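Trainee: Quick one: this structure, given as structure tokens, is what I'll be asking you about.
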Amino acid sequence: MSFEDLPGPEKPKEPKTKRILSGMRPTGKMHLGNYYGALYNWVRLQEDYQCYYFVADWHALTTEYETPGPISGFIPEMVMDWLSVGLDPEKSTIFVQSAIPEHAELYLVFGMFTPVPWLERNPTYKDQIQELAHKDLATYGFLGYPVLQAADILMYKADGVPVGVDQVPHVEMTREIARRFNHLYLPTFPEPEALLTEIPKLTGTDGRKMSKSYGNCIYLSDPPEVMAKQVRQMTTDTQRPFRKDPGEPDRCLAFPFHRLNLPQARLDEITTECRAAQLGCVDCKKLLAEALLENMAPIQERRRYYEAHPGEVMDIMHQGNNRAREQARRTMAEVREAVGFNRKFQLAP
Ligand code: TRP
């Protein structure tokens, strides 16, 4: 046995030098789609990177400007879920966008040199306008959505931005904005990369996209009996009308959830038994519900803790805001210098 193998205090980890930043619009409680699609990854990244995770409430306002009322209630709900899944305020800076007015200032500066055609060409913009046809999104703010996102990312000089594919054009535009700023003024910003999160193909219980408005979600905070009921309601292989018919996991909407919750050996068994008509969908979903409830138990326990201690959630957000703001102020001082807006004209502190 070498010295290295002896048990002892853990070797200090290398200092975390790379930065990660990501945000979510406050939509309320998080569901399993949010968890497996994003949060799970956010939690893992904390171990190796300096992480900034924030609530994009101004981004929410771009589409909810007519009825912004619920947004402020959604913020603590969402942050409580982030903490429950294991985001650790000691490791990650968790903050609220609108608490850092520098984001708006940087957005303004970027707006000066971002060509309008870049924004009009943005595929996410076109998709969203169509999808949200019932809202009037022919606004300046909605067109500028990616410019605000670029300000979020570059403010903290993030190296990596974990996002889903729909957000890749925004990260791409952020790189272009960084390049343009660096070229016009002074090299100031790194060009961040999108870290594509491999998103498991999870649908809502009825097969449509998991979405609050369809009522087909399983929320992290759903009580166990509600979770179990939602699992029971999941659409399985529609080409297997009877228990005696062989089934096909690839056609089953519950199976992607099995994949995330059961060990491989168990999955193989289930697959074989399903195809051989040995295991029925009702029993199969019972197995899923058990595994899911077990995996969610620690998350739910932490959530109960934070529900009982809402002041702690507030403190965590405030501390995160303060930390984020320090960095934001440093960046904005550099930006003002780079653009040539000298401090001497400003008010005394
Ligand atoms: N546009 C992102 C979404 O809808 C949210 C967001 C805002 C974001 N600012 C960001 C994500 C900065 C990553 C980085 O999901």
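The values are calculated or read from the model by the stated rules, or taken from the named source; none is laboratory data. Since the structure is predicted, the reported quantities are computational estimates derived from the model, not experimental observations. Methodologically, a virtual Cβ is constructed for each residue, glycine included, from the backbone with ideal geometry; neighbour enumeration extends over all protein chains shown. Protein only, heavy atoms only, side chains kept; ligands, DNA and RNA dropped before computing areas. Shrake-Rupley method; radii C 1.70, N 1.55, O 1.52, S 1.80 Å.
Trainee: Sort through 323, 329 and tell me the only one that's in contact with a strand residue (DSSP E or B) (Cβ under 7 Å, 6 or more places away or on another chain) and in the same structural domain as residue 98 (by TED's automatic domain parsing).
Mentor: Numbers: 329 fails: in contact with a strand residue (DSSP E or B) (Cβ under 7 Å, 6 or more places away or on another chain).
From the options 323, 329, the qualifying one is 323.
Trainee: Let me ask something additional. Six or more apart or on different chains, Cβ atoms under 7 Å: show the pairs whose first residue is in the stretch 108-125 and in a helix (DSSP H, G or I) and whose second is modelled with pLDDT of 95 or more and loosely packed, with under 12 Cβ neighbours inside 10 Å.
Mentor: Correct list of pairs: 113/184.
Trainee: Could you check, for the stretch 302-309, whether at least one of its residues is touching a Cys at 6+ places or on another chain (Cβ under 9 Å), not assigned by TED's automatic domain parsing to the domain that holds residue 76 and not hydroxyl-bearing (Ser, Thr, Tyr)?
Mentor: No, the stretch 302-309 contains no residue that is touching a Cys at 6+ places or on another chain (Cβ under 9 Å), not assigned by TED's automatic domain parsing to the domain that holds residue 76 and not hydroxyl-bearing (Ser, Thr, Tyr).
Trainee: Looking at the stretch 52-71 only, could you name the residues that are more than 12 Å from the ligand (Cβ to nearest atom) and touching a residue at least 12 places away in the same chain (Cβ under 8 Å)?
Mentor: 65, 66, 70, 71
Trainee: Right, next: Which of the residues that make up the stretch 261-277 are in contact with a Pro (Cβ under 6 Å, 6 or more places away or on another chain) and of a type in the set (A, V, I, L, M, F, W, C)?
Mentor: Quick first cut of the stretch 261-277, residues in contact with a Pro (Cβ under 6 Å, 6 or more places away or on another chain) only: 271, 274-275, 277.
Of everything in the stretch 261-277, those that are in contact with a Pro (Cβ under 6 Å, 6 or more places away or on another chain) and of a type in the set (A, V, I, L, M, F, W, C) turn out to be 274, 277.
Trainee: Which condition number in (1) open to solvent by less than 10 Å² (accessible area, probe 1.4 Å); (2) away from the ligand (no atom under 13 Å from the Cβ) is the one that residue 154 fails?
Mentor: If we test residue 154 against (1) open to solvent by less than 10 Å² (accessible area, probe 1.4 Å); (2) away from the ligand (no atom under 13 Å from the Cβ), just (2) comes out false.
Trainee: For the stretch 1-28, what are the residues that are more than 16 Å from the ligand (Cβ to nearest atom) and either assigned to a helix (DSSP H, G or I) or modelled with pLDDT of 95 or more (or both)? Walk me through it before giving the result.
Mentor: Restricting attention to the stretch 1-28, the residues satisfying the condition of being more than 16 Å from the ligand (Cβ to nearest atom) are 1-17.
Answer for the stretch 1-28, where residues must be more than 16 Å from the ligand (Cβ to nearest atom) and either assigned to a helix (DSSP H, G or I) or modelled with pLDDT of 95 or more (or both): 3, 4, 5.
Trainee: Also, quick follow-up: In the stretch 160-179, what count of residues is obtained for those that are within 7 Å of the ligand (Cβ to nearest atom), within 16 Å of residue 126 (Cα to Cα) and either in contact with an Asp or Glu (Cβ under 6 Å, 6 or more places away or on another chain) or not polar (S, T, N, Q) (or both)?
Mentor: 1
Trainee: Here's something else I'd like to know. Against the definition (buried (at least 17 other Cβ atoms within 10 Å of the Cβ), of a type in the set (Val, Ile, Thr), at pLDDT 95 or above and in the same structural domain as residue 335 (by TED's automatic domain parsing)), how does residue 114 come out, yes or no? Spell out the reasoning first.
Mentor: Values: buried (at least 17 other Cβ atoms within 10 Å of the Cβ): yes; of a type in the set (Val, Ile, Thr): yes; at pLDDT 95 or above: yes; in the same structural domain as residue 335 (by TED's automatic domain parsing): yes.
So residue 114 fits the description; yes.
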